[in-house]
Number of protein chains: 2
Amino acid sequence: MNHIKNRIIDAAEKRFSQYGFRRVTMDDIASDLGISKKTLYLHFKSKEDIAWAVKERMHKDIGRLLQKAKKEIPDPIERFKKIIAEVTSRVSIIGSTFMTDIKKDIPDLWRECESFREKEIYKYIGGILEEGVRKGKIRKDIDTKIAVMAYLGAIKMIIQPDILMENQFSIEDAFDNILKIFLEGIQK
Amino acid sequence: MNHIKNRIIDAAEKRFSQYGFRRVTMDDIASDLGISKKTLYLHFKSKEDIAWAVKERMHKDIGRLLQKAKKEIPDPIERFKKIIAEVTSRVSIIGSTFMTDIKKDIPDLWRECESFREKEIYKYIGGILEEGVRKGKIRKDIDTKIAVMAYLGAIKMIIQPDILMENQFSIEDAFDNILKIFLEGIQK
DNA sequence: AACTCTAAAAACTTTTATAGTTTCTTATGA
DNA sequence: TCATAAGAAACTATAAAAGTTTTTAGAGTT
């Protein structure tokens, strides 16, 4: 079955998001899945390969999502909410160790990730906010790009497993709270 | 002169904040300061030692700051502003690679950092917000701890050198924007 | 101008981590 | 019962980096 490949990408994505590229070993990924390294190397020829696969899938998924929302949700604030809810968990790689790792180790991959972040994420989400500004729904004394980064940073902080574990609140509560603060903060 | 020790701690703190513990080499630190490894080992017996020293100094500094603000600024929102402005740059280690690194490599140090974060940072800053809630200045439908974490996460995202570099805005602008959004978002 | 002390530069050794490979074992199913 | 597939685990090769030693250079001293 080919869908083992997807499970490998799942596991790798999780690990990479939390620990970066270097710190994650092939043994880690294998043992997460209860498979052997042998099987791992059956499906991917190297660790680098896995990183590329993770990136590919993530970017495809996010790209599709953004296109879909663009068509289906006209109100910028509603669109923002929707996208954030779905994209958030996938962008935990932004500004993480993973990026600093691959900057040195797989510079080609790094460049593609950077450009995707810049062009797709910031430009797109920032664009939504700007639309909100034009429509008079969002205050115009804030920089939309900074706002997006701030929001993503807030989410990133919360979804860290370590952080989540030692607190009593659920991730949904947290998302909710942050959205509340943020929406209230940016709206006119 | 003993103040070379402080310069070493400075350099290490910077590196550790950005890259974590593992990724930073003794050569990195030495070359940042234009000194030799020999001199490094003259002042600290190991890399671990330096990490402890960084932690010690940081926690002392922050502790002093918090105590001082407690005495001198009665209004919770003003106090929050003041503390955030000064503490922010020092807590970039929270939720960073440094923490995940030392969790494995120097567990004792990790525990002390975690407990400091929990007891001093979140409890203290969260306490300010709760005071604000009691005084009716801050809305009570948000979890103060989540709010603090969100805020710190937002800052953390912004102050990353990589992120700062490729954007046109200054760090002061960014702080300003975030504070605006956040204060607007949490106030009644 | 030779002398000394200090610290940088750089070469070196040793340890450790881990990517990738191989071998051995076990289970499944034809 | 044999063949294939996959896990477990041992193994190898290599690279990175901690820590040490040696060499070089310069600033101040007699």
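The values are calculated or read from the model by the stated rules, or taken from the named source; none is laboratory data. Remember, it's a predicted structure, so these values are computed and weren't measured experimentally. Cβ sites come from the backbone with ideal geometry, for glycine too, and all protein chains shown count toward neighbours. All accessible areas refer to the heavy atoms of the entire protein, side chains included, with ligands and DNA or RNA removed. Shrake-Rupley method; radii C 1.70, N 1.55, O 1.52, S 1.80 Å.
Sorted shortest first, the separations between the A:Lys123 label point and its copies elsewhere in the assembly read 4.9 nm; each point sits 7 Å from Cα along the Cα-to-Cβ line. Going by alpha carbons, how many degrees (0 to 90, nearest 10) lie between the helix axis of A:47-72 and the longest principal axis of chain A? With rounding to tens, the tilt is 30 degrees.
The trypsin sites (Lys or Arg not before Pro) found in the stretch B:6-54 that occupy coil by DSSP, while having at most 11 further C-beta atoms within 10 Å, are B:Lys45.
In this structure, the residue pairs whose Cα-Cα separation is over 20 Å, taken from A:Lys140/B:Lys82; A:Lys81/B:Lys82; A:Lys180/B:Lys68; A:Lys5/A:Lys60, are A:Lys140/B:Lys82; A:Lys81/B:Lys82; A:Lys180/B:Lys68. Accessible surface for the stretch A:1-159, divided over its residues, is 47 Å² per residue with a 1.4 Å probe.
Using only the Cα atoms of the protein assembly as shown, build the gyration tensor, take square roots of its eigenvalues as a ≥ b ≥ c, and label the shape rounded, prolate or oblate: rounded if a/c is under 1.5, else prolate if a/b is larger than b/c, else oblate. Because a/c hits 1.5 or more and a/b fails to exceed b/c, the protein assembly as shown counts as oblate. Please state the shape class of the stretch B:47-186: rounded when a/c is under 1.5, otherwise prolate if a/b exceeds b/c and oblate if not, all from the C-alpha gyration tensor. Cα axes put the stretch B:47-186 in the oblate bin.
I'd like the distance separating the alpha-carbon centroids of the stretch A:1-75 and the stretch B:113-188, in whole Å. The stretch A:1-75 and the stretch B:113-188 have Cα centres spaced 32 Å from each other. Heavy-atom surface analysis with a 1.4 Å probe gives the protein assembly as shown a carbon and sulfur content of 52 percent of its accessible area.
Using Cα atoms only, what is the angle between the long axis of helix B:123-134 and the major principal axis of chain B, expressed in degrees (0 to 90) to the nearest 10? With both axes taken from Cα atoms, the answer is about 10 degrees.
Label-point spacing for B:Asp176 across the identical copies (point 7 Å from Cα in the Cβ direction), in nm and ascending order: 3.6. How far, in degrees from 0 to 90, does helix A:76-87 lean away from the longest principal axis of the Cα atoms of chain A, to the nearest 10? The two axes meet at around 10 degrees. Put a dot 7 Å past the Cα of B:Lys14, heading toward its Cβ, do the same for A:Lys137, and the two dots end up 4.4 nm apart. Projected label points at B:Glu184 and A:Glu120, each 7 Å from Cα along the beta carbon direction, are separated by 3.0 nanometres.
By Cβ position, the chain A residue that hugs the axis carrying A onto B most closely, with its distance in whole Å, is A:Gly185, 2. At a threshold of 20 Å², the residues of the stretch A:7-28 that become less accessible to a 1.4 Å probe in the full protein assembly than in their chain on its own are A:Tyr19, A:Arg22, A:Arg23.
For the interface of chains A and B, what total accessible area is buried with a 1.4 Å probe, rounded to the nearest 100 Å²?
3900
Across identical copies of the chain, B:Lys38 has label-point separations of 5.3 nm, listed in ascending order, with the point defined 7 angstrom from Cα along Cα→Cβ. Rounded to the nearest 500, the 222 nm mean residue ellipticity of the protein assembly as shown from helices alone is -23000 deg cm²/dmol, with -39,500 (n - 2.57) taken per DSSP H run of at least 4 residues. Counting, for every residue in A:158-170, the Cβ atoms of other protein chains within 10 Å of its Cβ and taking the mean gives 3.
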